[in-house]
Amino acid sequence: GPGRLPAAAGEEGPVEGGPPDHSYSLSSGTTSEELLRKLNEQRDIIMKEMKGSIRRLRLAEAQLREEIREKDRLLHAASAGTRKRHGL
């Protein structure tokens, strides 16, 4: 009820209040065990998404580095050709 003290650490009890039940919210009867399970599930989802993002970023970085190497090679070849044509 309204005059109830919060549960002690480790003690199971419902988490009161909050919005209606959504994937990101809790119902009024959620126990600390359920809360921990939901948090762990969300952490696992976030970690999986982060790993995917990191993998995509590493691939993009490798592609950009390859493009830079190719452009540097072309610039070097073009500048070497220009020097030869002008007798430098």
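The values are calculated or read from the model by the stated rules, or taken from the named source; none is laboratory data. This structure is a prediction, so every number in the text was calculated from the model and none was measured. Calculation scope for accessible area: heavy atoms of the full protein, side chains included, ligands and nucleic acids excluded. Shrake-Rupley method; radii C 1.70, N 1.55, O 1.52, S 1.80 Å.
Given the residues 57, 39, which is the only one that is open to solvent by 100 Å² or more (accessible area, probe 1.4 Å) and modelled with pLDDT of 95 or more?
On the way: 39 fails: open to solvent by 100 Å² or more (accessible area, probe 1.4 Å).
So the residue among 57, 39 that is open to solvent by 100 Å² or more (accessible area, probe 1.4 Å) and modelled with pLDDT of 95 or more is 57.
What number of residues in segment 19-34 are under 22 Å from the mean Cα position of the chain (by Cα) and either open to solvent by 50 Å² or more (accessible area, probe 1.4 Å) or modelled with pLDDT of 80 or more (or both)? Don't jump to the end; show me each part of the working.
Applying the first criterion (under 22 Å from the mean Cα position of the chain (by Cα)) to segment 19-34 yields 22-25.
Now restrict to residues that are either open to solvent by 50 Å² or more (accessible area, probe 1.4 Å) or modelled with pLDDT of 80 or more (or both): 22-24.
Residues flagged as under 22 Å from the mean Cα position of the chain (by Cα) and either open to solvent by 50 Å² or more (accessible area, probe 1.4 Å) or modelled with pLDDT of 80 or more (or both) within segment 19-34 amount to 3.
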